[in-house]
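The values are calculated or read from the model by the stated rules, or taken from the named source; none is laboratory data. Keep in mind that this is a model prediction, so the values were computed, not measured. Here the Cβ positions follow ideal geometry from the backbone for every residue, glycine too, while neighbour counts run over all protein chains shown. Ligands, DNA and RNA are stripped out before the accessible areas are found, and what is left, the full protein with its side chains, is counted by its heavy atoms. Shrake-Rupley method; radii C 1.70, N 1.55, O 1.52, S 1.80 Å.
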Amino acid sequence: MNPTDVPCLCRPSDLLLICRPYMAVLALLIASGTAALAQDASQKNSPSSTHATHLLGFAGAPDNASGTLSIEGDALQFQKSGKPAAEVKLASIQDVFLGDQSKQVGGIPMTLGKAAVPFGGGRAVSLFAHKKYDTLTLEYVDANGAFHGAIFQLNKGQGEIVRNELVAKGAQVSNSDFESSKQTAEASSDNK
Amino acid sequence: MTTSKPWSFALLAATLSAFAIAHPAAVSAEGAAQWSVQVRKVDPGDINLASSFQIAIYENLLDQLSKTKQFKQVLRDGDRKASDVADLLVLKTTVEKYTAGSETRRAVTTVSGATKLTVRSQLCTLDGKVILELTVNGNVRFMGSNLRATHNLARNVAKTIKSTRLPEPTSGTLSKAANSISSDDIVVVELR
């Protein structure tokens, strides 16, 4: 057998020829993955809207209502699905505070279900049936100069994003609180 | 006929005197309704109370005081309309004690994790005279989020104010209002 008859795979140029389709697929995968990551990052950095629960205080919005919190032009809007949006001008916002809270999930049905579990088993469920949320507290004034406060509950991590966007678009924030929240964020990132 | 006249006069006099005895309370209750109240922002005092709690107390106070219907108007802090209101009381609230709770601890242990709030509220006239001072608690011990304590607190404040007899407003318009109420009462007597 002539050694020249055997397809020589040890030559680099031939190896490249054979692997070309695979490399093309790999490149395509990498490109699409990078694009998806970039899109995700851009969404995280500047959300046009985010899901939120209005706890109380936002004029025109019902209490404990889930909806969409968004910044439209020069106003902060909260819209419950199928209802007209309630809004506040960004210029009228006097301060924004961030906080967090841990809440039991499932509401009253879950609470009743836990109570029905024999031998106090529901208590064990309670240990794991909680979720952390961000709270976004706004202070703003209306056209008469009357002071209002509103509290929104957002998914963990969303509060700071919304707050940063509010600050970027001109809402007033007390520096001390902003600094402390930054420090807290830095400290938590250090801990990680 | 002549003998029945003195009896009818006596009966009328007795009825009138009975209403005269009952009259001050009625006038006082109606007189209290003539006050308007302006709710000031919550003063956290020396307590490190989250902004969301301060705002929640403020908003819940406005809500609960409106529900009592004891006041003609319930105004917000900074409201420019307050300068046009004749008989205005100012509600100042200072946080005296706060015990942070945990919803998860409440759900797991039942006996611990309560959120407790104690505030001192003062109803003052515009010239600074304190006409009512009360210390009120608001707790959440079992079901509900931590912010529920602010709702319970505001409800207790409103309930206490409602159950307290406030002095009559001193302005001329309100005296006229009180007089018209008393004349209405007489009309009622006549109808009987």
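Results, tabulated for the structure shown:
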quantity	calculated
In nm, spacing of pseudo-spin labels at A:SER81 and A:SER48 (7 Å Cα→C-beta vector)	1.9
Coarse-grained scattering of the stretch A:113-152 at q = 0.22, 0.25, 0.35 Å⁻¹, given as base-10 log I(q)/I(0) from a Debye sum over alpha-carbon atoms	-0.73, -0.81, -1.07
HN-Hα J in Hz across the stretch B:129-134 - Karplus 6.51, -1.76, 1.60, θ = phi - 60°, x for Gly and Pro	6, 7, 9, 8, 10, 9
Phi-based couplings in Hz for the stretch B:101-116 (Karplus 6.51, -1.76, 1.60; Gly and Pro marked x)	x, 9, 5, 5, 5, 5, 5, 7, 9, 6, 9, 10, x, 6, 8, 10
Amide H contacts under 5 Å for B:GLU96, placed H, 5+ residues apart	B:THR118, B:VAL119, B:ARG120
Heavy-atom accessible surface that A and B bury in contact, both chains counted, 1.4 Å, Å² to 100	2000
Long-range HN-HN contacts of A:ASP100 with modeled amide H, under 5 Å	A:THR135
Environment charge at A:GLN101 (Cβ cut-off 14 Å; Lys +1, Arg +1, Asp -1, Glu -1)	+4
Under-5 Å amide H pairs with B:LEU132, H placed in peptide plane, nonlocal only	B:LEU123
Projected label distance in nm at A:MET110 and A:ALA59, using a 7 Å step from Cα toward the beta-carbon	3.5
Relative contact order computed over the stretch B:35-190 (Cα-Cα under 8 Å; 6+ residues apart), in percent	22
Cα-based Rg of the stretch B:72-120 normalised by 2.2 N^0.38 Å, two decimals	1.89
Within the stretch B:56-82, backbone nitrogen closer than 18 Å to the virtual label 7 Å beyond the Cα of B:ILE131 toward Cβ	B:65-66, B:68-76, B:82
Cβ-derived FRET efficiency at R0 41 Å, B:LYS81 paired with B:VAL111, nearest 0.05	0.30
Rel. contact order, % - alpha carbon contacts under 8 angstrom, at least six apart, the stretch A:70-132	25
